[in-house]
Structures are given as structure tokens and as C-alpha cells.
1. Under the condition of being among the small types (Gly, Ala, Ser), more than 18 Å from the chain's Cα centre (by Cα) and closer than 18 Å to residue A:213 by Cβ, which residue from the stretch A:132-181 is most open to solvent (accessible area, probe 1.4 Å)?
2. Which ones in the stretch B:27-62 are under 23 Å from residue A:124 (Cα atoms) and away from every other protein chain (no Cβ under 14 Å)?
3. I need every pair where a residue in the stretch B:233-257 that is more than 13 Å from residue B:159 (Cβ to Cβ) has its Cβ under 7 Å from the Cβ of a residue that is in a loop (DSSP other than H, G, I, E, B) and polar (S, T, N, Q), sequence separation at least 6 or different chains.
4. All but one of (1) outside the structural domain of residue A:252 (by TED's automatic domain parsing); (2) open to solvent by less than 60 Å² (accessible area, probe 1.4 Å); (3) within 29 Å of residue A:249 (Cβ to Cβ) hold for residue A:106; state the number of the condition that does not hold.
5. Which numbered condition trips up residue A:230, out of (1) more than 17 Å from residue A:215 (Cβ to Cβ); (2) open to solvent by 10 Å² or more (accessible area, probe 1.4 Å)?
6. So which of A:42, A:50 is open to solvent by less than 60 Å² (accessible area, probe 1.4 Å) and farther than 23 Å from residue A:265 by Cα?
Protein chains: 2
Amino acid sequence: MERNILLTIEYDGTDFSGWQRQPDVRTVQGTLESILSRLCGSKISLNGTSRTDAGVHALGQRASFRCKTAIPVEKIPFAVNNIAGEVMKDGDIKVVSAEEVSEDFHARFNAKGKKYRYRIRNSAAMPVFLRNYRYRVWKELDVKLMREAAGYIRGTHDFACFQAAGGNPGESTVRTVHSLEVTEKSPETDCAESFGGRQDFQGKDIDIEISGDGFLYNMVRIIAGTLVEVGMGKISPEAVKHIVESKDRTLAGHTAPPQGLFLVEVYY
Amino acid sequence: MERNILLTIEYDGTDFSGWQRQPDVRTVQGTLESILSRLCGSKISLNGTSRTDAGVHALGQRASFRCKTAIPVEKIPFAVNNIAGEVMKDGDIKVVSAEEVSEDFHARFNAKGKKYRYRIRNSAAMPVFLRNYRYRVWKELDVKLMREAAGYIRGTHDFACFQAAGGNPGESTVRTVHSLEVTEKSPETDCAESFGGRQDFQGKDIDIEISGDGFLYNMVRIIAGTLVEVGMGKISPEAVKHIVESKDRTLAGHTAPPQGLFLVEVYY
């Protein structure tokens, strides 16, 4: 009997050329489809919610597929992770959970929204162990200004200014950002590998957490780059209001690098 | 004028075949010697304190070298890291500091002792982002028992039971362990990447921190493996006393994997 299965997937994006299957390069979708095809004994096609770019990470990517395997659904994570980690040495992918969903469920089309986290290490020093998981910004960022600017981004807007070239022309660029928070914490409490016995660390960790009903191409990374420029004093918070109204990408900030971005959750 | 320079070095051991220079494989020493040779304009030979194995990390490795460059010593870290990160894409090495030392100083021979940290993720769940930086142990470990066993390891002993084959025959295996602490903490406060919005995490982080005047081949990893087996209830704490007295490697525990080990500091 064929079942429709929804997976929740975690991956370290560092050694993948993004989610989307491509010939001759290692992708998350391609790797998982290989593993699932082995597991199910037939060629599997995985429908992912978010086509994350190369270097982008996921805590809660979702993807659905149909298969005829008799494996109980609650055993699928263990079976997949075992093949991934032990057999194929793909330890950078992990299936967190699996559930059976209705016949007509589709991981992308049924999604109501997503949450992303963009992680910045604001310091002159960067532990080597975090190089693939943070955007390192040297200049001290003013988080108060960043939070002020965030206020002009929350809500329903035409976000064309935060869309990279390469989106779908003709498609509406109006989206709703339900929440956008900028949090700050001392790095001593996070990933302490680099602080052996040394007390010389200065700086802070800044996380930008955003949830919305949908995101344009590179929207979160461009918002992050824009907020970083606000934090540096290059763009004023009030200017962000005008940037959004302008719908002009060239007025917004740079596209922050991929390794700071984590797809946290998909909502159904 | 030739100067003798001591570097403090941090590295992510994942993509190296250890510290020691070897032909045809990527090593920390080999990579740093390339960079320093570029910087100094002459062939540089680096003397490292600890020949860490493949996969083992360092927060405070030390290495000394002689060179004639006019670059001020305090600018050496930036210059090296710039070449490493930007030019050679070796972002997994970082020179933390550089100081000029006396003519006869040698990073290894002058060392009075070292401190290591061995890091365990004691949980059924392991974030993919930590896979190269922790020993994942599934079975719940009893930290109280581990601390009791640690008491029999502290002090001056003949540690032959914790020496892997391949050490120097005929060399004394007596060493002094100045301190050995087993600490435990909730993982929610450490490396929160994997805890996006999910509150389903169970388990704990266990760190074994050890300092001593010198370490035999694989000694810290065998002590870590032994303490893990004590924590699992396979070896009793009192048995560790007898294992040390026996000087018999086959009675001690397994050699814990390299990725949990960090060289924290070298003492002069």
C-alpha cells in the first residue's frame, strides 16, 4: 500500500550545493532521494518545502514523498539516519521525524509559512569552529538601531526591494512578515570551544529571527544584510521604511552570506 | 635579524590528517609551514608542541619557528590568518597570538605541561552541527561514578595502562596528572542551533578536563573511553585503581574517537 510520508529534516549546508537536486554535484535532495530509494526499494522523488541555497542550513526542513515500503513510519528516521551516517557517510543530514500524511498533502503547497534564523558573530575574533555557521561582522553593530529598522519590515508589504534577481517575473512580491526579532547575547554562553581558558573574548552574538507566510528569493539574507548596514550606521532605520516603499533592490543592503542562515521551521 | 617566534594556534582538526607534516596529505603543520614560508620569503620549519591526531582539535596549540621577516611580531597573526582564510581558503586554522621568545626556546622541549578537554554529548539526539566536535554516547552516563573513578587517575602514576601501542619502548610511562575534572551541563545552553523551536531535547553535555606534565600516546582518549565505560556501569570506579596499578592496556577502556578531543593549553 502506498503511503504519503512527511519528513522533518536537519542538515549542515556546508558540504552541499543547496537543497535542489542537480546532476554531478552533491545536494541535500539528491542525497536523501538516494537513501530513500535504497530504503524503499524503488525510485523516490522528494518534494521539499524550501529550496535552500548552497551553504544554508536547516533545522526543520520539510519534504514529502510517496512509497510502498512496509517500514513503520516511526522507524523511518532511524533507518534513514543509519544509512546516511554509517553507510554513505552523509553525517551532515538527519531525519528528525516522519509522519504519514493524507494522499493529497504536498510539503510545499500545503505550507502556511516558515521561520528562519540568521546568525551573526559580531566580533573581531571568530572561533574556527563557527566559521561555517555564522556571518562574522567586525564592526560593532548597534542592535537598538537594528530593532528600530525591523519595525518597518514587519507586516504586509510589497518586498520587491528584498528580492534578488532571479525571482519569478510577474509573480506578486507581496508577503506578510508575522514577526522579526533581533536578539543579542554574550558569546561566552554559546559554543564555548574557543574560550578554553582564555578570557580575552569581546563581542556579541546577534540573531535575527523572522517568520512569514512566504519568502522571495534571498529575502531573508537581504533583510539580514540590510539590518547589518543599519547596525553599522550606513543606513538609518527610517530609511528602511522608504526602501520598502521604493521596491528597489539597489537601495537595500547587501545579501548576507549563506552560512549564517538556518531554516528553523515550516508551518502547516 | 633572525627571530625565534612562538605561535598560539587554534584549528578545527576535521579536515586535516593530524598536526604532523606528511607528504601528499593535508596536515596542520604542513599547511602552516606553507603560509609562513610565503610570509617570510624563506622555507620555514615549525616545531609544534603536540602532534595531535587526525580529527583532533586545538584551542591553544603552540609552535615555534625562526625567521628573518621584518613584520612586527604583533602583526603576524593577522598576516597569517589573512593568507590562510583569503588566499588559501584554509579557514580552519587561526593564529591566536605570536610572541618573540629567546634564541634557545623550543615549543616542545620547553613545555611544562598541557591541558586537554574531551567533550561528550550524552544523548540519543545529536545535532548534525556538532558531529565533528563531540563523542556521541547513547546510553545515559552516571557522572558521579565517573568522578569517583577520576580520583584514581589524579596524581603521579605509571600510566602504561592508558598508552596505545606505538609509544616509545624503553621510555618511562610515569606521568603526573595535576587535575582531572568531569563536568556536566544541560545542552540547551550550548550550541543551540539544533533546538530551533523544539523543546524535545533530552540529554547532557559531559566535559572531561585534564592537565598534566605530559601525555602518552592516546592517553587522554583512552582515559575518556575508560571513564565513559565507568559511566555506563561496565567498569567500576574501584576497578580503575587496579587498572592503573596493572599497567595493562587491555584492562582499560576503549580509545574514545578523536573528534571529541581539544588541546586547550600548553604551559611554559
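1. My answer is A:172.
2. Within the stretch B:27-62, B:35, B:36, B:39 meet the criteria.
3. B:255/B:218
4. Residue A:106 satisfies all of (1) outside the structural domain of residue A:252 (by TED's automatic domain parsing); (2) open to solvent by less than 60 Å² (accessible area, probe 1.4 Å); (3) within 29 Å of residue A:249 (Cβ to Cβ) except (3).
5. Of the numbered conditions (1) more than 17 Å from residue A:215 (Cβ to Cβ); (2) open to solvent by 10 Å² or more (accessible area, probe 1.4 Å), the odd one out for residue A:230 is (2).
6. After applying the criteria, what remains is A:42.
This table checks each residue for (1) at pLDDT below 95; (2) assigned to a loop (DSSP other than H, G, I, E, B); (3) in the same structural domain as residue B:246 (by TED's automatic domain parsing).
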| site | (1), (2), (3) |
| --- | --- |
| B:55 | no, yes, no |
| B:63 | no, no, no |
| B:69 | yes, yes, no |
| B:84 | yes, no, no |
| B:90 | yes, yes, no |
| B:126 | yes, yes, yes |
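The values are calculated or read from the model by the stated rules, or taken from the named source; none is laboratory data. Source: prediction; values computed, not measured. Using ideal geometry, Cβ is built from the backbone for each residue, glycine included, and neighbour counts are taken over all protein chains shown. Quick note on the areas: whole protein, heavy atoms, side chains included, nothing else; ligands and nucleic acids left out. Shrake-Rupley method; radii C 1.70, N 1.55, O 1.52, S 1.80 Å.
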